[in-house]
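Student: Take a look at the following structure, please.
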């Protein structure tokens, strides 16, 4: 009887030890997982930094209509919302972890999209979907955990604006001729009037490269002096390093995403990375999270 009791105690201790080890292992595995933004599917992807592969996220199956949206330049802020039910919010991605920092006041028919940022000033579009026509958007500034409206900056405004020399630039869609108009806004006062810069543009996206404003169409990213870059896939820019980052499907690599980094002043391609899931820019470096590897490139 004593032998049986001793064996049972030993088994109990062994089981307890295994349980602790498994729990510790699970915790370690969890610590290896970060959130990475994929600009082509507009979603955060779970990525295991130890195995170097994505992790199945069952929550995405239940939230297939929830999308995330990014600035086209470096920022830790994104917006997230449901394409049918709205419930938009601003979220912060920091060291691979997501935190909600602001929820839309109107959760039923209001959306929030990134517009432009330079790191210090952060602008979003607050879009009203309460009517059947094209949504009317208002330029807002994120400040002290709230959104402050520019009362005269309204319209069918496109995302992917830009900030240059203390002016906010953005485009407005003109349905009558299927074109875009470029506006500037002195954002020092919330009552300032936007100024029309140019009409009849083919594209809506704006960039700051070589300390100048660039606009885009389906094929090129160009400025008023005639300088241009070929456009490919989704394009991003980094002012500090003066680089253009383009991420696109590569038909020569099973249509996996490839990322290339171009120095704007020389137009020299300094890196081309395959099998990309997403990337972040931080402290002068671009880190690409890929299938099977993590690649870090110094931008400056």
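Student: Taking residue 240 as the residue in question, decide whether it is crowded, with 16+ Cβ neighbours inside 10 Å, over 15 Å from residue 126 (Cα atoms) and within 20 Å of the chain's Cα centre (by Cα).
Tutor: Taking the combined requirement at face value, the residue does not satisfy it.
Student: Here's something else I'd like to know. Working carefully through the options 115, 196, 168, 164, find the one that is farther than 15 Å from residue 77 by Cα and buried (at least 19 other Cβ atoms within 10 Å of the Cβ).
Tutor: Working: 115 fails: farther than 15 Å from residue 77 by Cα; 196 fails: buried (at least 19 other Cβ atoms within 10 Å of the Cβ); 164 fails: buried (at least 19 other Cβ atoms within 10 Å of the Cβ).
Sole residue among the options that is farther than 15 Å from residue 77 by Cα and buried (at least 19 other Cβ atoms within 10 Å of the Cβ): 168.
Student: Can I ask one more? Could you please find all residues in segment 114-150 being assigned to a loop (DSSP other than H, G, I, E, B) and in contact (Cβ under 8 Å) with a residue 60 or more places away in the chain? Walk me through how you get there before you give the answer.
Tutor: Step one: list which residues in segment 114-150 are assigned to a loop (DSSP other than H, G, I, E, B), which gives 118-121, 129-135, 144-145.
If the condition is that a residue be assigned to a loop (DSSP other than H, G, I, E, B) and in contact (Cβ under 8 Å) with a residue 60 or more places away in the chain, then 118, 121 are the ones that fit.
Student: Kindly check whether there is at least one residue in segment 267-275 that is in contact with a strand residue (DSSP E or B) (Cβ under 7 Å, 6 or more places away or on another chain), crowded, with 17+ Cβ neighbours inside 10 Å and under 23 Å from residue 77 (Cα atoms).
Tutor: no
Student: Restricting attention to segment 283-300, which residues are surrounded by 11 or more Cβ atoms within 10 Å (Cβ to Cβ) and in a loop (DSSP other than H, G, I, E, B)?
Tutor: 284, 291, 299
Student: Of the residues that sit in segment 75-95 and are modelled with pLDDT under 95 and not in a strand (DSSP E or B), which one is farthest from residue 204 (Cα to Cα)?
Tutor: Among those residues, the one meeting the criterion is 95.
Student: On to the next question. What are the residues in segment 197-213 that are touching a strand residue (DSSP E or B) at 6+ places or on another chain (Cβ under 6 Å) and without any contact (Cβ under 8 Å) to a residue 40 or more places away in the chain, if any?
Tutor: If the condition is that a residue be touching a strand residue (DSSP E or B) at 6+ places or on another chain (Cβ under 6 Å) and without any contact (Cβ under 8 Å) to a residue 40 or more places away in the chain, then 197, 198, 199, 200, 201, 203 are the ones that fit.
Student: Starting from segment 49-74, take each residue that is on the phi > 0 side of the Ramachandran plot and surrounded by fewer than 19 Cβ atoms within 10 Å (Cβ to Cβ) and list its partners that are modelled with pLDDT of 90 or more and in a loop (DSSP other than H, G, I, E, B), counting only C-beta distances under 6 angstrom and pairs at least six apart or across chains.
Tutor: Listed by first residue and then by second, the contacts come to 52/292.
Student: Could you list all residues from segment 249-271 that are on the phi < 0 side of the Ramachandran plot and without any contact (Cβ under 8 Å) to a residue 12 or more places away in the chain? Walk me through how you get there before you give the answer.
Tutor: Of all residues in segment 249-271, those on the phi < 0 side of the Ramachandran plot come to 249-253, 256-266, 268-271.
Hits for segment 249-271 are 251, 252, 266, 268, 269.
The values are calculated or read from the model by the stated rules, or taken from the named source; none is laboratory data. Here the structure is a predicted model, which means the values were calculated and not measured. Cβ coordinates were reconstructed from backbone atoms using ideal geometry, including for glycine residues, and neighbour counts include every protein chain displayed.
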